[in-house]
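As structure tokens, the structure follows; a few thoughts come after it.
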There are 4 protein chains.
Amino acid sequence: MSKVRVAVFGASGYAGEELLRLLLRHRQAEIVAITSRQNAGKPVSTVFPRFTGLDLSFTAPDVEAIAKSCDAAILALPHGLAAEFAVPLLEAGIKVIDISADFRLRSLDKYRQYYGEHPAPELLSRAVYGLPERYREQLRTADLVACAGCYPTSSILPTAPLLAAGLASPEGVIVSSCSGVSGAGRKVDQAYIFPECNESIRAYSVKGHRHLPEIEQEMAVAAGVPEMAINFIPHLAPLNRGINSTILLNAMPGCTIEKIGEVYERAYGHEQFVRVLPFGRLADTKYVAMTNCCEIGYTLDDHTNRIIITSCIDNLTKGAAGQAIQCMNIRFGLDEAEGLL
Amino acid sequence: MSKVRVAVFGASGYAGEELLRLLLRHRQAEIVAITSRQNAGKPVSTVFPRFTGLDLSFTAPDVEAIAKSCDAAILALPHGLAAEFAVPLLEAGIKVIDISADFRLRSLDKYRQYYGEHPAPELLSRAVYGLPERYREQLRTADLVACAGCYPTSSILPTAPLLAAGLASPEGVIVSSCSGVSGAGRKVDQAYIFPECNESIRAYSVKGHRHLPEIEQEMAVAAGVPEMAINFIPHLAPLNRGINSTILLNAMPGCTIEKIGEVYERAYGHEQFVRVLPFGRLADTKYVAMTNCCEIGYTLDDHTNRIIITSCIDNLTKGAAGQAIQCMNIRFGLDEAEGLL
Amino acid sequence: MSKVRVAVFGASGYAGEELLRLLLRHRQAEIVAITSRQNAGKPVSTVFPRFTGLDLSFTAPDVEAIAKSCDAAILALPHGLAAEFAVPLLEAGIKVIDISADFRLRSLDKYRQYYGEHPAPELLSRAVYGLPERYREQLRTADLVACAGCYPTSSILPTAPLLAAGLASPEGVIVSSCSGVSGAGRKVDQAYIFPECNESIRAYSVKGHRHLPEIEQEMAVAAGVPEMAINFIPHLAPLNRGINSTILLNAMPGCTIEKIGEVYERAYGHEQFVRVLPFGRLADTKYVAMTNCCEIGYTLDDHTNRIIITSCIDNLTKGAAGQAIQCMNIRFGLDEAEGLL
Amino acid sequence: MSKVRVAVFGASGYAGEELLRLLLRHRQAEIVAITSRQNAGKPVSTVFPRFTGLDLSFTAPDVEAIAKSCDAAILALPHGLAAEFAVPLLEAGIKVIDISADFRLRSLDKYRQYYGEHPAPELLSRAVYGLPERYREQLRTADLVACAGCYPTSSILPTAPLLAAGLASPEGVIVSSCSGVSGAGRKVDQAYIFPECNESIRAYSVKGHRHLPEIEQEMAVAAGVPEMAINFIPHLAPLNRGINSTILLNAMPGCTIEKIGEVYERAYGHEQFVRVLPFGRLADTKYVAMTNCCEIGYTLDDHTNRIIITSCIDNLTKGAAGQAIQCMNIRFGLDEAEGLL
């Protein structure tokens, strides 16, 4: 079988670097272009020194030319810009796998509220949400994949089965997450220099973080309710990679720890990238770093009748680049885990 | 005025080190003994190299002898053991300031449930809870001070005024905290070696942590209800010092952001060690490291009708040694901030 | 071709964990046993939670039984113990790849001086030093491989070609290295708990570290002199993985920066796991983390007539497990990079 | 006695923050102005949130106005700019304590070579090098103090006495230092964002770092030779505060470990801010963090006949702000340790 020819647009950030790391060991994919307006013409090693020796350079994002030689385009562009690239790529028949937030929200209103005007609203209905464990069948034929965000991935995977099974109430959900600093991107800002992050734990955007409507949307789908309102509190923590989400759900009558275990077993027993921990163990970012795995620990607190979940992913892998490749593998009929183990 | 003569029992851990750091610059206190069974006879610098050059050695914890030469005893001993020391010290007329958990819980049943048999239950009723911003008057005459725990300090200070004012419901309270590793003490255990903590965020004891009943007790006192049941989820984060507590409270009808601000102003406007942040700012552990300050940020989420609070302390200072000295200062009629600025 | 059947002895430390990580993705190797006296019978995930779900358990180190089913044994045992295991394994015809220090020193006297009595001195002469870039040919037929230590690998690779080419003097060599804390192993000791390592840089064993005679031996071989005496100063730094060695060499008359570049090109231009950086760039641990690569930067200081080298490896990969697998691949005629890219 | 009225120019960086921290607890100094062109008019807490509640704002650097109300000016300005401010301040009779590099080098040529044109060369001869342990007498009457740099402080203090006593050769000196990231200032640059520094150790400016001529100058003064040429290799390490310098000196004939100890005792036995460690102990940044102390460990390596020294300071305290205040205390006849313990 011939290899999938992949172009990565906007490849000069941390998600771009992780995409390269993963694609370089993917046996059925071939990188045909990596673009960066700012670094066009430069060898990849000038931006990512770990790839010193690799014969690959950034090019300008010439969609028309690149479209002629690729099968799939992975967009690691800022929101807004991603949609602008998606339009001509889709027209040229390229499968688009978007890591940005542009096509994650089904509601145009929510998009406007959290991100501003949408550059290509007509595409919203074509997008499939890129969370394979929830949307695998739709992803097999998707032309436009809207990869799930990092915080949403860590929050939706452990909650959706419980909401769907009626073990947890859609009311009163709380997600409190800590993210490593690579989650802020390769952003040069005083808030992210080492001495401002080291020895620091701080919450931010505690109301209305952009991932909030995405989490609410997918939890509501799982729960089978039209809308949900939850609290999502992100924190910045002094580590490079990893998200730890602690989630509290109100248990519904009849919910037991055994039933939770059974629901998880049914949902994820066969999944390669979701690891539900034996009862009593809690998740830890260090066990998922550099992997595409989501680790889930859980318990039931009789005291308050709440289900307590801890869920960890690597924000750059399962939270971004790894998920994109997993989606690509599904779309192109490859082994879903290729390049990801 | 003559100086307060202080003995520190169990001084070889991180809280002991912080007590020494603070007492050495205290102008009205004098260290008369620091005890450590294991290190008796050794200069303090063999255990804490930062004090190299200081002419001070550990002694065996000979209560009778030490009681003759001190006015106050600060106990940095494990729970259980602290109570055993408190008995003869109190009998000898020494003011006891206990950093352990032995006298924090008013309910003997709760103590048994969380810690085991109590070695000196008859003293429970004599203890005053060592959180000066809540119990200053009682502390002025207390013989036995049960200093508030680190997580409880960070949780109770920001919530008590709101519960007391009826702005927040006693139902459905959630506290999710991250602590630096010094919070585990100077414990030699595989879980705490550097590579197991670095690049790691993990929850632990998510049900029934020993600080849970203490937090519930003091929140219930503030709320004026007999009992409360909350969720308290502690996490270990890769920093040395600092606790960040994110707290969610259900807002009561009529609660507004302005009222919250007014309640805080009344409660803490005059306090030296509580810093309520201007609306819109959130707390950060790095701004309270090595200080006795509790920093509180807050907002009101209309979306879920919850009050969101972020609260930070240094677990070794306001969460342990600093608080002990603040209590001692109050008890001995000294400037409350002496040694702490 | 049938797979190489590998047994890992002493697999419960960080080097063992890294061996498992690498062997699990090796397409021509099969793990037939992992031993741990202490953890015999336990699933690997109880010791290394990241392998949760993997169907593999520790066994007791029953050499006789294991020898029947394996082709190669990788020893991740403490020095002294490794030699005891090597003897019966070699007798049973197993290829032994030893990560310990037992067979690295050719001089029995040096071994005694730095490590104590040698349990199997008769084997010393059979061992090949496991640094493929220097001993590849001998490794092809070696029965006993003494894998190079972590600090030695980072020091010998960048200096050997310059010493051999006569560009650098064997006199006055200085190696100052910083290692991440995983270099201390998974040792439970107060010196390695998080608060003792974080925010700390400290030198240790500045005279007579056990890696000193190993570095001197291999540098002397390269320089073609009977003996060398250098300074090797190791430091502990607050990171998990990585060694950075800064090396100063006295330049010999006629040494130029161009000649250094040419010598490196000849020595390593074709090597997959040595990356000599373009002139002007310096090495960084973060670019070799989780890889089997040694990154080398260099310059020539006219001011003092010294060659300045910075060299980085991942202590667990090129400094231990990766190197072992590279040696194994060579010994068994496999692609040298299998499992390592 | 009336308090020394201090103005801090260029107070918005990390050295400025540390100056504020120290001056606020100084009992004989009063802050009359803190300037920041960029932040003029803003409360100090907007730049340094830890000072929330402090009634102090940045002002524009109006030298003429400020000179009327202050006795001392501490300059925490970039080099070049500092000299421009020093001129009018000195003319107005203000004592100037400069943290920049502008007046550290006695040789105008060296300044030009490393920094460019000097804005006020006529002042060079008036400056006293601000390293109290070496220049205390001159500092008592200095109008212009050129505070020693951070790396130089950590290198000169442990070597000067040995060079002066003839125990160490001025030939072949090597200084290899690791600095925490605050040493780079509060600089917003991709190289200093958290994920680029964490899990990273890297050398930089290994030839011709700007602190090199300063170190060489002061070592030469101590050694009583006209010039010295040394190697100085700085590294960036993942910690906030602290410099660890490992220094190798060639021992002169007759040098013994006892003589080194005696020389240190004579030089520093009475010093409050230099802590020569008992023989066998090595320095650690964590024991000097947030202190004005320089910690020195040493040994003699018979093997190579080199003296090995490890020396640690807090780069922001003894390496910048603390040293400035120590110099100010000396100049104004105050207790040298005021504000620094």
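The values are calculated or read from the model by the stated rules, or taken from the named source; none is laboratory data. Not measured: the values here are computed from a predicted model. Note that each Cβ is placed from the backbone with ideal geometry, even for glycine, and that neighbours are counted across all protein chains shown.
Structure notes:
- Scanning segment D:48-95 for residues being under 24 Å from residue A:190 (Cβ atoms) and in contact with a helix residue (DSSP H, G or I) (Cβ under 8 Å, 6 or more places away or on another chain) gives a total of 18.
- Residue-level check: of (1) within 21 Å of residue A:303 (Cα to Cα); (2) hydrophobic (A, V, I, L, M, F, W, C); (3) surrounded by fewer than 21 Cβ atoms within 10 Å (Cβ to Cβ), residue B:156 misses just (3).
- Residue B:287 being within 17 Å of residue B:155 (Cα to Cα) and hydroxyl-bearing (Ser, Thr, Tyr): no
- Of the residues making up segment D:296-316, those that are more than 9 Å from chain C (Cβ to nearest Cβ), among the hydrophobic types (A, V, I, L, M, F, W, C) and within 18 Å of the chain's Cα centre (by Cα) are D:296, D:313, D:316.
- Those residues of segment D:252-310 which are modelled with pLDDT of 95 or more, in a loop (DSSP other than H, G, I, E, B) and of a type in the set (Gly, Ala, Ser), in sequence order: D:254, D:269, D:283, D:289
- Screening B:171, B:214 for residues that are acidic (Asp, Glu) and crowded, with 23+ Cβ neighbours inside 10 Å leaves exactly one candidate, B:214.
- Residues of segment D:171-220 classified as part of a loop (DSSP other than H, G, I, E, B), out of contact with any strand residue (DSSP E or B) (no Cβ under 9 Å at 6 or more places or on another chain) and within 28 Å of residue C:307 (Cβ to Cβ), total: 2
- Among the conditions (1) touching a Lys or Arg at 6+ places or on another chain (Cβ under 8 Å); (2) free of Cβ contacts under 8 Å to residues at least 40 places away in the same chain; (3) assigned to a helix (DSSP H, G or I); (4) of a type in the set (Gly, Ala, Ser), the only one that residue C:160 does not satisfy is (2).
Yes/no per residue for (1) over 20 Å from residue C:302 (Cα atoms); (2) more than 10 Å from chain D (Cβ to nearest Cβ); (3) over 18 Å from the mean Cα position of the chain (by Cα); (4) of a type in the set (Ser, Thr, Tyr):
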{"position": "C:240", "(1), (2), (3), (4)": "yes, no, no, no"}
{"position": "C:243", "(1), (2), (3), (4)": "yes, no, no, no"}
{"position": "C:251", "(1), (2), (3), (4)": "no, yes, yes, no"}
{"position": "C:256", "(1), (2), (3), (4)": "no, yes, yes, yes"}
{"position": "C:268", "(1), (2), (3), (4)": "yes, yes, no, yes"}
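- All positions within segment D:32-53 that are buried (at least 22 other Cβ atoms within 10 Å of the Cβ), under 26 Å from residue B:273 (Cβ atoms) and in contact with a strand residue (DSSP E or B) (Cβ under 6 Å, 6 or more places away or on another chain): D:34
- Whenever a residue of segment C:195-212 is more than 8 Å from chain D (Cβ to nearest Cβ), its partners that are among the polar types (S, T, N, Q), lying with C-beta atoms within less than 8 angstrom and at least six residues away or across chains, give the pairs C:195/B:182; C:195/B:240.
- Of the residues making up segment C:317-329, one or more are surrounded by fewer than 24 Cβ atoms within 10 Å (Cβ to Cβ), touching an Asp or Glu at 6+ places or on another chain (Cβ under 9 Å), more than 10 Å from chain D (Cβ to nearest Cβ) and more than 21 Å from residue C:251 (Cα to Cα).
- Test set (1) part of a helix (DSSP H, G or I); (2) under 30 Å from residue B:335 (Cβ atoms) - residue B:112 fails condition number: (2)
- Some residue of segment A:250-262 being within 21 Å of residue B:202 (Cβ to Cβ) and surrounded by fewer than 22 Cβ atoms within 10 Å (Cβ to Cβ): yes
- Residue A:97 among the β-branched types (Val, Ile, Thr), in the same structural domain as residue A:30 (by TED's automatic domain parsing) and under 22 Å from residue A:315 (Cβ atoms): yes
- Of all the criteria given as (1) more than 14 Å from chain D (Cβ to nearest Cβ); (2) more than 22 Å from residue D:341 (Cα to Cα); (3) not β-branched (Val, Ile, Thr), the one not satisfied by residue B:19 is (2).
- Residues in segment D:316-341 that are at pLDDT below 95 and closer than 21 Å to residue D:127 by Cα: there are none.
- Leading residue by the ranking (surrounded by the most Cβ atoms within 10 Å (Cβ to Cβ)) among those in segment D:272-315 that are of a type in the set (Asp, Glu) and within 17 Å of residue C:205 (Cα to Cα): D:284
- Matching option when the condition is hydrophobic (A, V, I, L, M, F, W, C) and more than 30 Å from residue C:209 (Cβ to Cβ), among C:51, C:103, C:85: C:51
- The residues on offer are B:117, B:171, and the sole one that is not polar (S, T, N, Q) and not assigned by TED's automatic domain parsing to the domain that holds residue B:297 is B:117.
- Among the residues of segment D:94-115, some residue qualifies, meaning at least one is of a type in the set (A, V, I, L, M, F, W, C), buried (at least 19 other Cβ atoms within 10 Å of the Cβ) and more than 18 Å from the chain's Cα centre (by Cα).
- Contacts under 9 angstrom Cβ, first residue in segment C:93-120 being under 15 Å from residue C:80 (Cβ atoms), partner among the basic types (Lys, Arg) and surrounded by fewer than 23 Cβ atoms within 10 Å (Cβ to Cβ), 6 or more apart: C:101/C:210; C:103/C:126; C:114/C:210; C:115/C:210; C:118/C:112
- Every residue from segment D:270-295 that is within 7 Å of another protein chain (Cβ to nearest Cβ) and either over 23 Å from residue C:192 (Cα atoms) or touching a residue at least 60 places away in the same chain (Cβ under 8 Å) (or both): D:275, D:285
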